[in-house]
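The values are calculated or read from the model by the stated rules, or taken from the named source; none is laboratory data. If you're wondering where the values come from, they're calculated on a predicted model, not measured in any experiment. With ideal geometry, Cβ positions are generated from the backbone for all residues, glycine too; neighbour counts draw on all protein chains shown.
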């Protein structure tokens with residue numbers, strides 16, 4: 001993705017080389033914005049509280065499994081084979097439940113992902129709106145985010161070459 005972004009930037013710069021002297025570029029550090037924005041800090045606290053709650057639930061489930069496993073290990077020598085099988089299945093189900101819970105909360109597209117989306121989306125929209133306003137006020141052509149991968153946060157429509165690239169495939 002980084003290479004693709006660099007190629008796009010290079011293409012734009014080459015295409016607009018006759019206007020290069022007039023090109024206005026800015027950047028932001030979105031991590032710094034998020035750290036200093038009270039709304040983002042509040043949202044992060046909500047997310048952290050959810051994470052802590054879920055971790056505590058997992059720890060409770062793991063303690064319960066550990067207790068039952070130790071009890072099983074102590075008594076398995078005096079148990080009937082049928083009772084051992086039943087308890088082993090129960091222990092396996094507890095392990096499976098813990099794994100499922102962990103996946104539901106923290107896995108790909110899990111609850112954490114959806115909660116972050118829900119909580120952070122309005123804040124991200126505010127930030128993007130502010131970036132667009134500043135870009136317009138400062139007459140910037142492009143605004144990048146330097147926090148992570150090279151990412152456009154704002155670009156003037158006149159530099160969009162999507163239709164030209166698509167025509168190459170016709």
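Quick look at the numbers
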{"item": "Within the range 49-100, tally of residues that are within 16 Å of residue 112 (Cβ to Cβ) and in contact (Cβ under 8 Å) with a residue 24 or more places away in the chain", "result": "5"}
{"item": "Any hit, the range 46-57, residues being touching a helix residue (DSSP H, G or I) at 6+ places or on another chain (Cβ under 9 Å), modelled with pLDDT of 90 or more and assigned to a loop (DSSP other than H, G, I, E, B)", "result": "no"}
